[in-house]
Amino acid sequence: MSLQELGQFTNTLGETDEMPVLFLGHGSPMIAIEENQFVTGFRDIVQKIPTPKAILCVSAHWETRGTFVTAMTTPPTIHDFGGFPQALFDVQYPAAGDPALAQEIKNLVQSTEVGLDVEWGLDHGAWTVIKHMYPEANIPIVEFSLDYRRTPEQHYQLAQELKALRKKGVLIIGSGNIVHNLRAVAWNRINDTFGFDWALEANNIVKTAIMERNHKPLMNPFEQGQAFQLAIPTPEHYLPLLYALALQGNKDEIAFFNDEPVAGSLSMTSVYIGKNI
């Protein structure tokens with residue numbers, strides 16, 4: 001990064017009031033083209049927070065060997081799914097990237113090397129929900145990958161190195177699902193507000209721990225019993241929650257929204273961390 005670019009970054013992302021942090025339950029890619037209570041929840045939360053200068057999204061759908069951040073100026077809209085209507089594949093979300101922010105993230109993280117990626121883009125964990133929040137696509141976005149070799153606790157620790165971005169006007173978003181077991185989906189109730197007992201149990205335990213600021217057990221989800229093993233059969237949708245929680249400050253309040261189960265084995269529960277709203 002040149003001295004001129006560093007100066008431009010400093011001017012663009014100078015000190016601001018501390019931005020909130022969000023964890024968004026994104027569910028099915030169809031949420032991009034649907035109108036439902038969850039879409040309304042995404043739109044409503046934006047009205048209660050400052051307009052960010054940029055967005056850093058930690059998506060369940062970018063798993064890598066090593067840690068990377070997108071660094072291109074125009075990230076493509078990635079349709080990383082199959083079997084959905086053509087209307088979903090036609091959606092483009094033309095938000096700009098932010099190479100200077102990517103470089104700043106690389107500089108901030110000291111515990112591991114962060115690679116600057118120019119091939120990935122915006123996967124559906126990012127654009128399907130952010131498009132409802134910022135439909136004009138006028139906020140630059142970078143994505144931060146999930147190194148699949150790291151433990152949940154290591155992801156939590158890594159996320160803490162990003163705290164300084166909250167005071168630079170960056171809205172940090174984790175996008176995944178607390179409960180996400182596609183093999184157990186009740187397809188006959190795919191659009192129903194309904195959760196299996198184990199899904200509700202795991203979701204409520206997580207919410208209680210969040211409200212009590214007791215993050216330690218959440219860093220060991222696979223040791224919390226059968227309900228958690230069913231709710232979190234693989235870690236990728238759960239880990240973005242840990243990135244959001246790791247950024248919580250002592251004065252931050254917690255609020256839940258879109259707090260509903262769907263199709264038995266998914267939860268759309270989303271979390272706001274920041275000033276009281």
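Things to note:
- Some residue of segment 131-148 being without any contact (Cβ under 8 Å) to a residue 40 or more places away in the chain and charged (D, E, K, R): yes
- Qualifying residue in segment 48-70 (condition: within 20 Å of GLU18 (Cα to Cα), small (Gly, Ala, Ser) and touching a helix residue (DSSP H, G or I) at 6+ places or on another chain (Cβ under 9 Å)): yes
- Residues satisfying the stated conditions in segment 159-176, i.e. open to solvent by less than 10 Å² (accessible area, probe 1.4 Å), farther than 16 Å from LEU245 by Cβ and either in contact with a His (Cβ under 6 Å, 6 or more places away or on another chain) or outside any strand (DSSP E or B) (or both): GLY169
- Taking residues in segment 221-239 that are under 18 Å from VAL271 (Cβ atoms), and partners anywhere that are of a type in the set (Phe, Trp, Tyr), the pairs with Cβ atoms closer than 6 Å and at least 6 places apart or on different chains are PRO221/PHE228; ILE232/TYR238.
- Unmet criterion (only one of (1) surrounded by 17 or more Cβ atoms within 10 Å (Cβ to Cβ); (2) more than 13 Å from the chain's Cα centre (by Cα); (3) over 20 Å from ASP197 (Cα atoms)) for LEU230: (3)
- Residue within segment 74-92 that is buried (at least 23 other Cβ atoms within 10 Å of the Cβ) and among the charged types (D, E, K, R) present: no
- Count of segment 52-70 residues, restricted to those that are part of a strand (DSSP E or B) and either among the basic types (Lys, Arg) or in contact with a Lys or Arg (Cβ under 7 Å, 6 or more places away or on another chain) (or both), is 1.
- Subset of segment 193-227 [open to solvent by 40 Å² or more (accessible area, probe 1.4 Å) and in contact with a Pro (Cβ under 9 Å, 6 or more places away or on another chain)]: THR193, PHE194, PHE196, LEU200, ILE205, ASN220, PHE222, GLU223, GLN224
- For segment 106-139, the set of residues classified as open to solvent by less than 30 Å² (accessible area, probe 1.4 Å) and assigned to a loop (DSSP other than H, G, I, E, B) consists of VAL109, GLY121, ASP123, TYR134, ALA137, ILE139, listed by residue number.
- Residue in segment 252-270 that is open to solvent by 10 Å² or more (accessible area, probe 1.4 Å) and more than 20 Å from the chain's Cα centre (by Cα) present: no
The values are calculated or read from the model by the stated rules, or taken from the named source; none is laboratory data. The structure displayed is predicted, hence computed values, not measured ones. Positions of Cβ are backbone-derived with ideal geometry, glycine not excepted, and every protein chain shown enters the neighbour counts. Accessible surface areas use protein heavy atoms only, side chains included; no ligands, DNA or RNA. Shrake-Rupley method; radii C 1.70, N 1.55, O 1.52, S 1.80 Å.
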